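Reviewing the structure listed below.
Throughout, read-outs are computed from the coordinates displayed, never taken from laboratory work. If you're wondering where the values come from, they're calculated on a predicted model, not measured in any experiment. When we count neighbours, we look across all protein chains shown, and the Cβ atoms used for this are built from the backbone with ideal geometry, even at glycine.
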Amino acid sequence: MNVSLLSEDALPLGFRFAAVRAGIKPSGNLDLAVAVADTPAKAAAMFTSNRVVAAPVTVGRRHLEHSGGEVRALVVNAGNANCATGQAGMEACIAVCKVAAEIFHCERDQVFPSSTGIIGVPLPAEKPIAALPQIAASLAATPDQFSLFARAIMTTDTKPKVAHAQLTVDGKKVRIAGVCKGAGMIHPQLVPHATMLVYLFTDAAIETAELNMLLQKSVEISFNRISIDGDTSTNDTVLLLASGASGVKVSVLSAEFRDALTEVCTSLAKQIVSDGEGVTHVVELQIEGASTDRDALTVAKAIAHSPLVKTAWAGCDPNWGRLMAAAGYSGAEIDPERIAIWFGDLPICCNGGRAPEFDEAAAHEYLKQREFTIRIYLGLGNGACRFWTTDLTAEYVHINADYST
C-alpha cells in the first residue's frame, strides 16, 4: 500500500479523471473534479447519518437506486456544499447531472454528484455547467489527472490525500486507488443508505451487492473510527466504483481484496486526521478489555470528543484523570478499579489509580510528539477498538471562526 503519487501502472483501469477551475471557490483554485468510467461501473456508497443532508446526497442516493447501482460519471464541486438550499439546491444539482449526462453520454441516473464547502449558500449551477465541456476535453487515465482530481476537491485541507494498493489474483493484477478530502467537521457516522468525501476506484469485477458488503466492512474500521471535532457533516460520502476492466472477478469472500481495500481506507482516514484543522497532535486510542467492541468504541468516542482531554493533548499535559472521567461518563460498562492506562510504553494508571512507576516528566515529553498512542485497558472482557483523533488548538478556533467571512 502506498500514499505517494500514483504511477501509471498503479492507476485502476477503466477510469479517466480531470479537474478545472469553475469559479466556485473565491480563491480561484481548482474546484470541479470529474471521474468517468469507460463503461458503467458497479457502485457502492455510504452517506452521512446526519438528518440534515445536502442536495447531492439526496440525488446520489436516488440515482444509485434508479440505476441499479451503476455509475458512469462522478461530478464533484468544492467551495459550496449545496446544503440547506431548499428546492433551488435540488434543482441546481439535477441541472448539473442532466448536462453531465449529455456530455458524458450516459443516463442521468448514472451521474453521481457530490459537493463540499459552505452550508446555506445557493449553488451557482451555471458555473459547473459551463465548465463541463472543458473538463470533458481534459479527461485522461493518467496519474497527473488523478492528482488534479485530488486537489480540486479540497477545501480547508492543506494537501491532497491519496492511497493505493495492488494485489494479484490468479496471476492477474488488480488495482485499488482512493482519494479523499476532509480537515474539519469530521466525525463520520456513515450508514448504507465542511465534509469528508471519499472516492475509491478499483478495476476488479465485483457485483453491486458484494461491493456494498466489502465497503461497509472496510468503512466501519477506518472512516467510522476517526474524529477531529465531533461534528458530523451534512455531506459525508464514501463511494466505491468497480470498473471490472482488469477482467478479474472478486467476491466478498476474497480476504486479500478486503484487506487491501481496508488498508487504503485506513490510510485515507488517518491522512484526514493528520491534516485536521489546527492539529498539532494525532492520537491513536487503543481501547482494550471492554465488555464488547461497541463499549470500546463508546469509550474511545467519549475521550476523542472531550474538550478537556483534547486541550490537554494540545498542551502536552499528561492529565490522565481526564481520560478516566471521559471513560466514566461514556455510558459503557466501567469498573474504575480495573482500569489501566499507558502512554506508549509508559505506565500511567494501574487498577484505577496512579501507577507506581508513573513519571510525569517522561509522560510530558512523550506527549510532545506529533503522533502518539494511548492504550486503555478496562479489564472487563475482550472488546477492543482502534480510534484516531486529534488535539484541539487555538488555530482550530481561528479557522472556524473566520470560515465563511
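Quick look at the numbers
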item: Gap separating the Cα centres of region 275-325 and region 1-73, nearest whole Å; result: 32
item: Per-pair calculated FRET efficiency, R0 = 25 Å: Leu308 and Asp345 via Cβ, rounded to 0.05; result: 0.50
item: Sparse-neighbourhood loop sites, chymotrypsin sites (Phe, Trp or Tyr not before Pro) in region 233-340 - DSSP loop, at most 11 other Cβ within 10 angstrom; result: none
item: Net dipole in debye of the chain [+1 Lys, Arg Cβ; -1 Asp, Glu Cβ; about Cα centre; nearest 20]; result: 780
item: Ranked His66, His305, His281, His164, criterion: other C-beta atoms within 10 Å, fewest first; result: His66, His305, His281, His164
item: Dipole-positive endmost among Ala125, Phe387, Cys316 within the chain (Cβ charges, Cα centre); result: Ala125
item: Interchain or long-range residues, amide H under 5 Å from Thr292's placed H; result: Gly383
item: Residue among Ala35, Thr85, Ala136 farthest towards the positive dipole end of the chain, charges placed on Cβ; result: Ala136
item: Virtual spin-label span in nm between Glu91 and Ala209, 7 Å along Cα→Cβ; result: 4.1
item: Potential extension, Glu357-Asp259 segment - 0.36 nm per residue separation minus Cα distance; result: 31.4 nm
item: Under 12 Å, Cβ to Cβ, from Ala35 - net charge with Lys/Arg +1 and Asp/Glu -1; result: +1
item: Those lysines that a straight Cα-Cα span of less than 26 Å connects to Lys42, excepting residues fewer than 8 apart in one chain; result: Lys98, Lys161, Lys172, Lys173, Lys181, Lys217, Lys249
item: Residue exposure sequence - Arg225, Arg354, Arg62 - by fewest surrounding Cβ within 10 Å; result: Arg62, Arg354, Arg225
item: Shape of region 282-401, Cα gyration tensor, a/c cut at 1.5; result: oblate
item: Percent of beta bridges antiparallel (DSSP, the chain, rounded to nearest 5); result: 70
item: Shape of the chain, Cα gyration tensor, a/c cut at 1.5; result: prolate
